[in-house]
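The values are calculated or read from the model by the stated rules, or taken from the named source; none is laboratory data. Worth saying up front: this structure is predicted, and the values here are computed from it rather than measured. Heads up, the Cβs are rebuilt from the backbone with ideal geometry, glycines too, and the neighbour counts pull from every protein chain shown. When the accessible area is computed, the model is the full protein with side chains, heavy atoms only, and any ligands, DNA or RNA have been set aside. Shrake-Rupley method; radii C 1.70, N 1.55, O 1.52, S 1.80 Å.
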Amino acid sequence: KLKNKIIAAMVYPIIVMVIAVLIMVFLMLVIVPKFEKIFDDMIPGGRSKLPMLTQFVIGISRNVGAYFPHILVGLALLFIVWKIFQASPGGKIIIDRMKLKIPLFGDVQLKSAISRFSRTLGTLVTSGVPILQPLNFPRKMAVNIIPPDSIKKVSDSVKEGANNYPPLESSNVFPPMVISMVDVGEETGQLPEMLLKIADVYEDEVDNSVSALTSMLEPLMIVFLAVVVGTIVMALFLPLISVIQNLNGS
């Protein structure tokens, strides 16, 4: 459920980004070259007489047109390397850690992982599974927030009869509230119930964060698309406006 909510929040910005890229490619490969020919015929002195913004856009258009097959091959190779790196154990940990640092989305990823970790551990312990055994499951399900050495420290702490919260605190990924609730759960002998309560709290946090994220991204992506397309259109029409002004002046 949490994963589906996060994916749903990602759908809109991804669609807008794909549309923006397709529009940019179409403008750069089809529209800008046609305007460049018009400028060559209408403006004496050629490209050097064009506004800087127009020269910049035309330069990008020429490079995209000349190296478009190479760009596609490079993107395909980059995607393959990314998938191979992501499939490796070390690569997955690095990528998952990077996800937590993404603006806007990182906070949702962190809250989701904390909820998943707490729900898994609390449910298994409540079902009668010894706590040392389920500690191996959340390691795989929430590796993006909990370093393996921290899980091992928690396991060692349980074996020694000590508290669990110091290893969690030293991981520098759990908010103070989670650490305090784990501490209270251990002191009162209600750690499983407290873990489930943490999961409930952070599931609500994910709901609120996803709703806020969706509301925030919609206007941001629309503005981004408008700025990109508007910049290209402005670059193409600036020389035409200059030509029209010169004609009126003459």
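For segment 1-27, the tally of residues that are aliphatic (A, V, I, L, M) and touching a residue at least 60 places away in the same chain (Cβ under 8 Å) stands at 12. Here Lys140 clears all of (1) at pLDDT below 70; (2) buried (at least 21 other Cβ atoms within 10 Å of the Cβ) except the condition numbered (2).
If you take the residues of segment 194-250 that are more than 16 Å from Lys1 (Cβ to Cβ) and of a type in the set (Gly, Ala, Ser), which of them is most open to solvent (accessible area, probe 1.4 Å)? Selected residue: Ser250.
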